Amino acid sequence: MKKLEDLILTYKDFPKKGIDFKDVLEILHYPNIFQDLILKMSSNQFLKNAEAIISIDARGFIFGSAIALESSKPMIVARKPGKLPGHTLTREYDLEYGKNSLSIQSSALKKFNSFVIVDDLLATGGTVNCVSSILQDQKKQILGLITVVELKELNGRLKLDFPVESLISL
């Protein structure tokens with residue numbers, strides 16, 4: 001039987017030379033493993049105390065929506081630029097291989113004060129810090145981050161001022 005760790009695939013030199021891209025999508029080919037993963041991620045204490053989840057574009061949506069369903073929490077999305085209608089709050093961030101930005105609909109944040117951020121992978125912490133800065137600028141509380149994978153050698157956790165739970169550390 002496959003183990004969760006076996007389903008994290010590495011693609012060398014993607015999206016550019018020198019980057020070893022860790023891909024979690026193989027997990028979705030094994031419904032029982034995916035279900036166990038979502039149950040573990042949904043049992044987190046800081047998630048239980050949060051009013052809502054914020055999932056990060058795009059793989060974070062997969063895990064965030066399943067966690068939202070399992071935990072009966074509302075989910076808000078942080079999307080790449082130009083993907084959300086209405087008034088958005090947008091911040092730029094650095095990637096290991098370039099720059100990007102994320103946006104959150106301002107109306108979606110108004111109903112809630114405390115959040116857990118969900119993403120597939122924590123690397124340098126750039127995307128999570130981007131979401132965090134948007135929330136902090138709006139005087140919202142971040143109770144923690146839940147990810148499937150954490151790349152320990154990139155020290156992303158050290159750049160965050162809230163708890164991090166990763167099911168796999170590589």
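Of all the residues in region 6-32, those that are part of a helix (DSSP H, G or I) and out of contact with any Asp or Glu (no Cβ under 7 Å at 6 or more places or on another chain) number 8. Meeting the requirement of 3 or more residues that are surrounded by fewer than 21 Cβ atoms within 10 Å (Cβ to Cβ) and either in contact with a Phe, Trp or Tyr (Cβ under 7 Å, 6 or more places away or on another chain) or on the phi < 0 side of the Ramachandran plot (or both), the strands (runs of 3 or more DSSP E) wholly within region 94-170 are 98-105, 141-150, 164-169. Every test in (1) farther than 20 Å from LEU102 by Cβ; (2) crowded, with 18+ Cβ neighbours inside 10 Å; (3) touching a Gly at 6+ places or on another chain (Cβ under 9 Å) is passed by GLN45 save one, and that test is (2).
All of the numbers you see were taken from the coordinates with simple rules; none came from a lab. Just so we're clear, the structure is a prediction, and the values are computed from it rather than from any experiment. Note: ideal-geometry Cβ built from the backbone for every residue, glycine included; neighbour counts use all protein chains shown.
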